[in-house]
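Taking it in order: structure first as structure tokens, then the write-up.
The values are calculated or read from the model by the stated rules, or taken from the named source; none is laboratory data. For clarity, every value in this text was computed on a predicted model and none was experimentally measured. Don't worry about glycine lacking a Cβ; one is built from the backbone with ideal geometry, like all the others, and counts go over all protein chains shown.
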């Protein structure tokens, strides 16, 4: 029996383009993405469209049930609390491990620099991307493939809910950059307790911002329907 092999490079390109449009908000929360629509919009074959949708669903950037069209999720309070509940022990373990080595990953330094540039230009989507890249770099630098796999299961959703909020809540991007710099400073100083506390300060602040936005959105919808 013949086995159909996925065109990996084409699927990778499709995922990158589709991911970019979801993260930037060009494809909005609630929008449905069928295989036919994706194939036509990106001029790819339907098997490639299906492979791309499957991959982004696994990343958490899309959701769908059995035989349902994929949709960009609008994160609810329960989603946000669960995402950060899952992130905290993974990332705390990572920053403590790195602080014990007093080793700041180059990729994390690079991401922090990009956050600084994005803050100066007031580019919220770019800042969010660099923010997520910094956290990914910290976990990757532990050298644990399993820890990194666990982390990746929540980071797509985390980036999605961050970018859905940051562009319209008036966040101080320079202050957020400084919060992340504190994590790297504590790692560099070889202080695991300070590194973990700086991480919690960042994650707790982000979670509270996201939850406040959900509450405002729900209040607005309730007011509009009354």
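Tell me which residues, restricted to the range 89-104, are under 19 Å from the mean Cα position of the chain (by Cα) and crowded, with 19+ Cβ neighbours inside 10 Å. The answer is 90, 91, 94, 95. Within the option set 20, 30, being modelled with pLDDT under 90 and outside any helix (DSSP H, G or I) holds for one residue only, 30.
Of the residues 117, 132, 154, which is at pLDDT 95 or above and either buried (at least 16 other Cβ atoms within 10 Å of the Cβ) or closer than 28 Å to residue 172 by Cβ (or both)? Of 117, 132, 154, the one residue that is at pLDDT 95 or above and either buried (at least 16 other Cβ atoms within 10 Å of the Cβ) or closer than 28 Å to residue 172 by Cβ (or both) is 117.
Looking across the range 40-61, the residues that are farther than 24 Å from residue 154 by Cα and surrounded by fewer than 19 Cβ atoms within 10 Å (Cβ to Cβ) come down to 40, 41, 42, 43, 45, 46, 47. A single entry from 4, 9 fulfils the requirement of being surrounded by fewer than 14 Cβ atoms within 10 Å (Cβ to Cβ), at pLDDT below 90 and not in a helix (DSSP H, G or I): 4.
Is it true that residue 119 is under 25 Å from residue 59 (Cβ atoms) and in a helix (DSSP H, G or I)? Considered against the rule, which asks whether it is under 25 Å from residue 59 (Cβ atoms) and in a helix (DSSP H, G or I), residue 119 comes out as no. Out of all the residues in the range 140-151, which are surrounded by fewer than 13 Cβ atoms within 10 Å (Cβ to Cβ) and part of a loop (DSSP other than H, G, I, E, B)? Within the range 140-151, just 143 meets the criteria. Taking residue 189 as the residue in question, decide whether it is more than 20 Å from the chain's Cα centre (by Cα) and either assigned by TED's automatic domain parsing to the domain that holds residue 90 or at pLDDT below 95 (or both). It is true that residue 189 is more than 20 Å from the chain's Cα centre (by Cα) and either assigned by TED's automatic domain parsing to the domain that holds residue 90 or at pLDDT below 95 (or both). Would you point out which residue out of 122, 126 is in the same structural domain as residue 89 (by TED's automatic domain parsing) and over 21 Å from residue 16 (Cα atoms)? Selected residue: 122, the only one of 122, 126 that is in the same structural domain as residue 89 (by TED's automatic domain parsing) and over 21 Å from residue 16 (Cα atoms).
Listed conditions (1) crowded, with 19+ Cβ neighbours inside 10 Å; (2) more than 23 Å from residue 211 (Cα to Cα) are all met by residue 64, apart from (1).
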